[in-house]
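Notes for the one structure printed next.
The values are calculated or read from the model by the stated rules, or taken from the named source; none is laboratory data. On a predicted model such as this, the values are computed, not experimentally measured, just so you know. Every residue, glycine among them, receives a Cβ derived from its backbone with ideal geometry; neighbour counts consider all protein chains shown.
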Amino acid sequence: MEIKTLEQLQAVDKRTLHFTPWGLGRMHAEDSADFQQRVVARLELADEVAEATRNKFEQLRVGFSQGVLCYELFTLVEDAALLTFEQALRDRFAAHFPNNIVDVRDRRDRHHQLIVNSYPDFYKQLRNVTGPEIRMGPTGDWERFNGMLSGLLRWARREGLLRGQRARSLEPSQRELRNMAAHGSYHLNSPVDAARTLSDLAELINHLWGRPTPGGRLYPAPLKRDIIAIGWSKSGHTTVTGLAEHLTSAKDEIPLAYLLVRAVADDPRLMEFDARAATTVFPSEYLWGPGSRTETVTWLNANQPEPDRCDYLDQVVLIRSMDNKVDLPVHPQVAAGLSPQQQRGTWYALRVDRALDALAHVRALIAAEPGHKPHGECHQCPAETLATGDITTVMAAAEKAGALTTALHVPDVRTPLASSFL
């Protein structure tokens, strides 16, 4: 090891200067120090987070900020952040039991009351129980619990502390990365890698304590849905979309037909809206149309629909399979409003974050692609199958999962671009 002077230790590590807010480039030392600190300064934890978890996260942020002087610190911080995923789950588990007592059942159906003053002490007690099980979820079902990262993740999901099928599908990779950090060999990561892992950690921690992250990658907060007008020409060659309130301040160069929907304004599939099928990325709701601009403005003024917020994690959708054809996903209320003829066939009830994830999963099941589970959580894609059967069976499963199942009758209308799905 080279012994450096204090001045050398305080000198900026030139490797860090290559990372800028605009990608790879070159920064001045002072600007780099400011930039790297700002990268992690925006990662704030909710006030409810346990003190031990908060202190550990602050330690990681300080270490990241010092990476401008020692590039290797970015790797050390990222590895430590991967290990902190488990610490956060342990602290949340310990805080979950107000009386500090966990009822544990062993393999012989004997019950043990374990004290949770701290998770390490609880884990020592748990290791003395053969085949331990604890109650999980709102129904209090007994499930195996090994006390390690996999068991803690399962427990957090059963308790509703972690949500989202896309995040669930990434959890095996997070476990592998955690194991690599704990037992792996030498590697060198960039500040971009370390910052992303710290951001993911902040999302996980905040979500465990009931605070989803606005714009988050793993555990996002609900999105605002505005009142949107989607218009198209008779030929379908011209399509427009925008806030419905702007319809009164402009004119059409050519006649357009308009639909009014409640939707996320920047949904990338908004132009493919279908009133009955869930074809947009985020849940959208049919309001009125189609009609002319004048008719649309008249309806808006008379009804004045309001924006809302949409929690799209773990939404429930239904898909019908009939005559070797898989239909587009629909929301349970829309399915309940279909005619008996349209409700025939085999139906699937699925929990997903994106409705089209359900379509990909059911198509894989029909094609008998290996690895796709027909029941429960799929390990190949971000979807969970709740039930399969006739419309009555899947509707009951959807209602049990918390979805609205009151019949909603909507017209069979769609934008010209929506036909690309058919």
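Under 6 Å by Cβ, and 6 or more places apart or on different chains, what pairs join a residue from the range 150-161 that is in a loop (DSSP other than H, G, I, E, B) with one that is crowded, with 19+ Cβ neighbours inside 10 Å? Short answer, once both residue conditions are applied: 161/208.
Looking only at residues that are under 30 Å from residue 24 (Cα atoms) and not charged (D, E, K, R) in the range 144-178, which one is surrounded by the most Cβ atoms within 10 Å (Cβ to Cβ)? Top of the filtered list is 167. Is one or more of the residues making up the range 84-91 crowded, with 17+ Cβ neighbours inside 10 Å and of a type in the set (Gly, Ala, Ser)? Among the residues of the range 84-91, at least one is crowded, with 17+ Cβ neighbours inside 10 Å and of a type in the set (Gly, Ala, Ser), which makes the answer yes. The residues on offer are 398, 387, and the sole one that is buried (at least 18 other Cβ atoms within 10 Å of the Cβ) and either part of a helix (DSSP H, G or I) or among the aromatic types (Phe, Trp, Tyr) (or both) is 398. Looking at the range 1-100, the helices (runs of 4 or more DSSP H) lying wholly inside it that each contain 1 or more residues that are touching a Lys or Arg at 6+ places or on another chain (Cβ under 9 Å) sit at 29-41, 51-65, 72-96. Entry remark, the range 286-324: residues being over 29 Å from the mean Cα position of the chain (by Cα) and part of a strand (DSSP E or B) number 5 in total.
Filter the range 105-124 for residues that are in contact (Cβ under 8 Å) with a residue 12 or more places away in the chain and farther than 27 Å from residue 48 by Cα; which is surrounded by the most Cβ atoms within 10 Å (Cβ to Cβ)? Ranking the qualifying residues of the range 105-124, first place goes to 105. For the condition without any contact (Cβ under 8 Å) to a residue 60 or more places away in the chain and within 15 Å of residue 182 (Cβ to Cβ), what is the one hit in 87, 66, 59? So the residue among 87, 66, 59 that is without any contact (Cβ under 8 Å) to a residue 60 or more places away in the chain and within 15 Å of residue 182 (Cβ to Cβ) is 87.
Taken over the range 197-239, residues that are closer than 30 Å to residue 254 by Cβ, modelled with pLDDT of 95 or more and outside any strand (DSSP E or B) amount to 0. Working carefully through the options 28, 18, find the one that is in contact with a Gly (Cβ under 9 Å, 6 or more places away or on another chain) and without any contact (Cβ under 8 Å) to a residue 12 or more places away in the chain. Step by step, each of 28, 18 is checked, and only 18 is in contact with a Gly (Cβ under 9 Å, 6 or more places away or on another chain) and without any contact (Cβ under 8 Å) to a residue 12 or more places away in the chain. With respect to the conditions (1) surrounded by fewer than 19 Cβ atoms within 10 Å (Cβ to Cβ); (2) in contact with a strand residue (DSSP E or B) (Cβ under 9 Å, 6 or more places away or on another chain); (3) outside any strand (DSSP E or B), residue 283 lacks only one, and its number is (1). Counting only residues that are assigned to a loop (DSSP other than H, G, I, E, B), farther than 27 Å from residue 407 by Cβ and either of a type in the set (A, V, I, L, M, F, W, C) or within 19 Å of the chain's Cα centre (by Cα) (or both), the range 330-373 holds 2 of them.
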